[in-house]
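One structure below.
The values are calculated or read from the model by the stated rules, or taken from the named source; none is laboratory data. What you see is a predicted model; the values in this text were computed from it and never measured. Note that we place each Cβ from the backbone using ideal geometry, even for glycine, and neighbour counts take in every protein chain shown.
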Ligand code: THU
């Protein structure tokens, strides 16, 4: 038996002012997007903004459904819209922020496993890393330099026949 260690490297920032202005602006767009969330069941609104290498910014928010699994997370709403609208453009950065009606969220909220998997697919497709920034409503911000830092040992097309 041999043990392997999987390490991940993330950056933690105390406030938005520590980040480049372009990322501060991206978080403004994510906050704006958060207001468009349709979250009548969880009351937990998530907003995402994505920068593309063509200069466009794509926004997304969570969209819930009375049949719960039929809803979709903000990250996938945004990344699928980006993929469908600009299939040839690469995602350079993504900002995620949340707002709950129950409490002020002060800890950074990382994307769920299914969203990490979806984002990883686009990183592989574009052959370049996307920086993923996430925060709560306020408080610290975490930066992952690549989605791979949030999804080590991920499943990808190389495991499938013919890839
Ligand atoms: N949600 C997201 O939008 N992104 C995530 O990564 C985790 C959860 C949404 C789904 C649901 O509408 C609400 O947050 C509560 O789970």
TODO: Mind telling me which of the residues 118, 70, 101 ends up being over 21 Å from residue 156 (Cα atoms) and in contact (Cβ under 8 Å) with a residue 24 or more places away in the chain?
DONE: 101
- [ ] Only one of these is within 17 Å of residue 11 (Cβ to Cβ) and more than 16 Å from the ligand (Cβ to nearest atom): 127, 148, 88. Name it.
- [x] 148
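Of all the strands (runs of 3 or more DSSP E) wholly in region 8-63, which have at least 3 residues that are modelled with pLDDT of 95 or more, within 10 Å of the ligand (Cβ to nearest atom) and under 21 Å from residue 81 (Cβ atoms)? Can you show your working first?
On the way: elements: 11-13, 44-52, 57-61.
Of the strands (runs of 3 or more DSSP E) lying wholly inside region 8-63, those with at least 3 residues that are modelled with pLDDT of 95 or more, within 10 Å of the ligand (Cβ to nearest atom) and under 21 Å from residue 81 (Cβ atoms) span 44-52.
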Open item on the list: I need the full set of residues from region 91-101 which are within 11 Å of the ligand (Cβ to nearest atom) and more than 18 Å from residue 143 (Cβ to Cβ), in order please.
Closed with: 99, 100
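What tally of residues in region 67-82 results from selecting those that are outside any loop (DSSP other than H, G, I, E, B) and surrounded by fewer than 23 Cβ atoms within 10 Å (Cβ to Cβ)? First the steps, then the outcome.
Kept after step one, since they are outside any loop (DSSP other than H, G, I, E, B), are these residues of region 67-82: 68-70, 72, 74-82.
From what's left, surrounded by fewer than 23 Cβ atoms within 10 Å (Cβ to Cβ): 68-70, 72, 76, 80-81.
Final tally of qualifying residues: 7.
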- [ ] Determine whether region 65-80 contains at least one residue that is in contact with a strand residue (DSSP E or B) (Cβ under 6 Å, 6 or more places away or on another chain), within 14 Å of the ligand (Cβ to nearest atom) and within 21 Å of residue 140 (Cα to Cα).
- [x] yes
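Can you tell me how many residues in region 38-66 are surrounded by 15 or more Cβ atoms within 10 Å (Cβ to Cβ), more than 16 Å from residue 130 (Cα to Cα) and without any contact (Cβ under 8 Å) to a residue 60 or more places away in the chain? Reasoning before the result, please.
Keep residues of region 38-66 that are surrounded by 15 or more Cβ atoms within 10 Å (Cβ to Cβ), which gives 39, 42, 44-52, 57-64.
Pick out the ones that are also more than 16 Å from residue 130 (Cα to Cα) and you get 39, 42, 44-47, 60-64.
Applying the additional criterion that residues be without any contact (Cβ under 8 Å) to a residue 60 or more places away in the chain yields 39, 42, 44-45, 47, 60-64.
Qualifying residue count for the region: 10.
Residues 152, 87: which one is within 25 Å of residue 32 (Cβ to Cβ) and in a loop (DSSP other than H, G, I, E, B)?
Numbers: 152 fails: within 25 Å of residue 32 (Cβ to Cβ).
Every option except 87 fails the conditions.
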